[in-house]
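Read through the structure below, which is laid out as structure tokens, and then see the notes.
What follows draws every value from the coordinates through simple rules; no lab data is involved. Just so you know, these numbers come straight off a predicted model, no measurement behind them. In this analysis, Cβ positions are derived from the backbone assuming ideal geometry, glycine residues included, and neighbour counts consider all displayed protein chains.
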Amino acid sequence: MSKLTDSVVDKFTIDYLRNQVLKNAYGNDDTFIARLDPRTLLIWYLFFGLMPWFLNNVVLLLLLFLFVTATTKLARIAPLVLFLFCMGVFSQTGYLLLISMFFGGNTSTIVPLLVLTLKVSVVSLASITVFSGLDPDRLSNGLLYFGCPSQLSFSISFAYRILPVLMEEFQNILLSYRLRGKSPNGKGLIGKVHKLIYQVKIIILSFYPLMLNTAKRSRTTVEALELKGYRHSLTNPAVRKIRLSSLKFTASDAYFTLASAFFVAGSIIASAYIK
């Protein structure tokens, strides 16, 4: 048991977390979902992100859940993201079930909680599918095409791009604290508790230097953008035309849209007959 615990703890390092996040944001360029046009993905997400909240049929929601699970498989989501999804969704509904049972509920509360779980799951998996298949530039261009303000679309793209820098900076700060401090040996139960407290303390102390270093980098980035004419490019129609020239609908978009439409229609018909 101790070896298993140590193995799990060793895997959840900063390097592992960074690689999983970067893989989900940048490492899915060769998937079927990533080859779709950003406009197709955003419209698809708008449908699957809103429609489940207006449905209460368990069969229909279950079929939609199976469909978005298949799209998540096509997007090759990082295991860490899926783990966090499962832990977040099922922990929330799980504690609601326990509370309802504790305060006099019965098995009739299972169905409403199942409906809520399926709704959250469909929307969450649709979000994971879409945003793992869009790199910063494609996401920004898709939002710009639908009338999103240029500054907002650029901010989203910039946030994606600065994510690796922030994680690398955070790791460097953690390493500097560890080099200057003395870590507990971690032997025995008390030693493991002390080591865990020490690691949490270092993480908390690392956030303030991280914010200062990020502010310095942000100022340098803003100055570089201004020198390259960033403010003028936001209002220049020629720049907008160049940015949107990469958007193009293909046969894959048509197949994906038709498959989604047929599956939704079939699910609605099936839910009407299955009680």
Quiz item: Given the Cα-Cα distance of Arg231 and Ser127 and 0.36 nm per residue of separation, how much length would full extension add, in nm?
Solution: 34.4 nm
Self-check item: For q = 0.15 Å⁻¹, Debye-computed log10 I/I(0) when each Cα of region 175-246 counts as one equal scatterer
Solution: -0.68
Self-check item: DSSP-assigned coil residues among trypsin sites (Lys or Arg not before Pro) in region 144-208, each with at most 13 further Cβ atoms within 10 Å
Solution: Lys182, Lys187
Exercise. Largest first and in whole Å, give the semi-axes of the chain's equivalent ellipsoid, each being the square root of 5 times a Cα gyration tensor eigenvalue.
Key: 36, 34, 16
Quiz prompt | Cα gyration tensor, region 122-275 - rounded (a/c under 1.5), prolate or oblate | solution = oblate
